[in-house]
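Read the figures in this text as sums done on the coordinates, not as results from a lab. None of the values given here were measured: they were computed from a predicted structure. Positions of Cβ are generated from backbone atoms using ideal geometry, with glycine treated the same way; all protein chains shown enter the neighbour counts.
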Ligand code: ADP
C-alpha cells in the first residue's frame, strides 16, 4: 500500500505564466509542461487540433473526455511518442519538440501496465536506471525505495504474470517514478481494473500525489470521478480540441458549455429564452422553459429574447407528487411523468418526461426519499442556485 501520511492538500493553484525571453529573472519557475497550438494528424484524421495547455510544477491536470477526443494523443505528444504536425512542446520552459522520449525524461504509466513480461519486478523498476548507466548500488537502493513506496517490496523477485492487475499497475507506477521524472503521464491507469480495486487505487494515487508535491502530472481519463478526485484542474476534451479548462469546482458548478455540463455530472439541458436583462458573472436570470418560468445562475450577459440552455444536474431536482395544473405558475417547477425508475443502491435514478416540453430529464432521488413509480405525475423543482445557464448554440 502507498503511504497515506497526512499532509495539507494543496489549494488549486492558478497556472503560472510562461516566462518571456527578456533576460530578467522570472518571478515564477517555468511551467512543467506547455503545449502551444499543438496539432497531431494520423493520415486524414486530425487527432489533436491546435491544443494549448499549461501544467504548472506540482500540478495535476486531468484530460477528460469521451473516447476518440484526443486525450491519449495529447499525452503521446508530451511524452514524445508522437511528433506534432504543428505547434511546440515545452518542458520546464525548454522547447523539446522533435526530441525523443528518452531525452524528455518523463514517466509514463499506461492502462495495460506494459511491464516487461520476462523480467522480474525489480528488473522492471530498474530498467530506466540501467539505461541511464547509474552505479549498481544506487540502482538497487532506488528500486527498493520505489517498491516500498507502492507497497510491493515483498514481490521484487516475482515475474509480472505472478501479480494481480492492481499489483502490476503499482509496479508500473514505481517504474515510471524510478527515473525521478519531472512529469508523470498517466493514461487511463485504472481502467483495466475491476470497480473495487479501481476505488482502492484511486485513494492510493491521491496519497502518492501528496508524497510527490514537485512532480507535475497529466492524467488521461474518461471517468469523471477520477478527474474530480485527483485533478487540480480538469481539461475537457472534445473532437480533438480543448473544450474548457478549470478547477473541478468551476467546471462542475459553472460549466461554460452544454458539453461540459453534460459530460461532467450528466446535467439535463433544457431550451430557455431570457425574459430579463442580466449582466452575467453569476447573477440570477429569469427565463422561460416552455410555458414555465425558471430562475437560474447566468454566467454570461443576457437580453430579453436571448436563447440559452438551462443545465440541471440529476441530484439538484426535488421530486414532488403533482399534476400539470399545479406547477405551471410556480417558479422553477416543471411537471412531468415518470418514464422509468432504476435502483442504484445509494438511491434511485428516474427518467422523467416533461409535460409541454419535449425533453426527458434525469433525476436522482436519494435513499430514504419517497420514490414514484413509472407513469406517476410529478413536479420537479430545483433551487435557482443549482440551476445554471449555458450557451444555447452548443450541441453536446
Ligand atoms: P482518446 O484518447 O480521447 O480516446 P485518441 O487520442 O486515442 O483519443 O484518438 C483521437 C483520434 O485519433 C481518434 O479518432 C482515433 O481514432 C485517432 N487515432 C489515434 N491513434 C491513431 C493511430 N495510431 N492511427 C490512426 N488514427 C489514430
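Things worth noting here:
- Which of 95, 223 has the fewest Cβ neighbours within 10 Å, and the rest in rising order: 95, 223
- All distinct Cα pairs of the chain go into the 1/r average, and the inverse of that average, the Kirkwood radius, is 23.4 Å.
- Rg and Dmax of region 122-268, both derived from C-alpha coordinates alone, stand at 17.7, 59 Å.
- Relative contact order computed over region 258-391 (Cα-Cα under 8 Å; 6+ residues apart), in percent: 28
- Which of 357, 139, 89 has the fewest Cβ neighbours within 10 Å, and the rest in rising order: 357, 139, 89
- Neighbour-count ranking [beta-carbon atoms within 10 angstrom, fewest first] of 343, 317: 343, 317
- Note: relative contact order over the chain, using C-alpha pairs below 8 Å and six or more positions apart, is 15 percent.
- Calculated [222 nm] ellipticity per residue, helices only, for the chain: -6500 deg cm²/dmol; basis is -39500 (n - 2.57) per DSSP H run with n ≥ 4, divided by all residues, nearest 500.
- Average projected area [Cα convex hull, region 258-391], square nanometres: 7.5
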